[in-house]
């Protein structure tokens with residue numbers, strides 16, 4: 001099997017976890033380095049590999065030699081991941097994806113720069129956009145559409161025919177009932193039970209299904 005050399009964007013806990021999964025489960029992906037925003041590059045190596053400032057990445061890892069994966073973060077409501085992904089595309093980089101072999105995947109499509117970990121169930125006709133992270137043990141129902149730059153934590157259930165907008169954040173144990181529309185950059189937090197449509201930047205917390213009277217942009221200091 002032909003290997004693809006990849007550079008991981010990130011050096012924190014999430015990147016460390018994903019690196020373990022890739023080395024154990026994806027022999028076609030070969031991690032050759034790491035990158036971070038320049039302000040966070042305080043060393044020349046990480047995990048025994050080169051750590052290169054984002055602005056200088058082409059000098060060591062040109063777009064014709066490597067693909068990128070990341071940033072591996074959901075901070076600032078996925079906007080850091082969104083912005084660096086779009087910057088990488090503009091600079092000519094292709095992006096890899098990692099789909100854990102222990103997933104049950106029957107969907108229609110998965111975009112690029114996605115990380116989907118073990119025990120995710122993705123039912124027929126589901127579509128997952130670009131630059132998404134699905135942590136472990138989620139249920140994505142049939143005919144669900146997940147937009148770009150979405151983060152889904154663990155033990156999340158999304159019922160069939162639901163549409164999840166771009167940049168949404170679904171925290172652990174969230175439940176979304178059938179056929180809903182979750183607006184762009186919505187934050188569904190703390191075991192939220194979502195049984196009605198959520199507007200753009202809406203926030204739902206806990207078992208009460210009502211949307212909070214403030215926008216998810218307030219969450220950027222926390223997420």
Two-decimal Rg/Rh across the stretch 109-223, once Rg and the Kirkwood Rh are taken from alpha-carbon atoms: 0.93
Separation of alpha-carbon centers, the stretch 131-209 and the stretch 44-89, rounded to whole Å: 27
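At a 10 angstrom cut-off on C-beta neighbours, averaged per residue, how do the peptides 50-58, 182-190 rank from highest to lowest? Don't skip to the end; give the middle numbers.
Values: 50-58: 16.3, 182-190: 23.0.
Ranking the peptides 50-58, 182-190 by packing returns 182-190, 50-58.
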Gyration tensor (alpha-carbon) shape descriptor, the stretch 150-196, a/c threshold 1.5: oblate
Order of 40, 105, 93, 34 - criterion: other Cβ atoms within 10 Å of each residue's Cβ, fewest first: 40, 105, 93, 34
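Using only Cα atoms, what Kirkwood radius does the chain have, in angstroms?
Working: mean 1/r = 0.0566 Å⁻¹.
Result for the chain, one decimal place: 17.7 Å.
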Among beta bridges that DSSP assigns inside the chain, antiparallel share in %, nearest 5: 5
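Reported to two decimal places, what Rg/Rh ratio describes the stretch 4-95 when computed on Cα atoms with Rh from the Kirkwood expression? Walk me through the numbers before you get to the answer.
Working: Rg = 12.2 Å, Rh = 13.1 Å.
Over the Cα atoms of the stretch 4-95, Rg/Rh equals 0.92.
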0 to 90° range, to nearest 10: angle between helix 79-90 axis and the chain longest Cα axis: 50
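Within 10 Å, count the other beta carbons around each residue, average over each peptide in 72-83, 19-30, and list them highest first. The partial results should precede the final answer.
Values: 72-83: 20.1, 19-30: 14.8.
Result, highest mean Cβ count within 10 Å first: 72-83, 19-30.
Where a number appears in this text, it was derived from the coordinates with a stated rule and is not lab data. Only a predicted model underlies this, so the values are computations on that prediction, with no experimental measurement involved. Because the Cβ atoms are built from the backbone with ideal geometry, glycine has one as well, and the counts that use them run over all protein chains shown.
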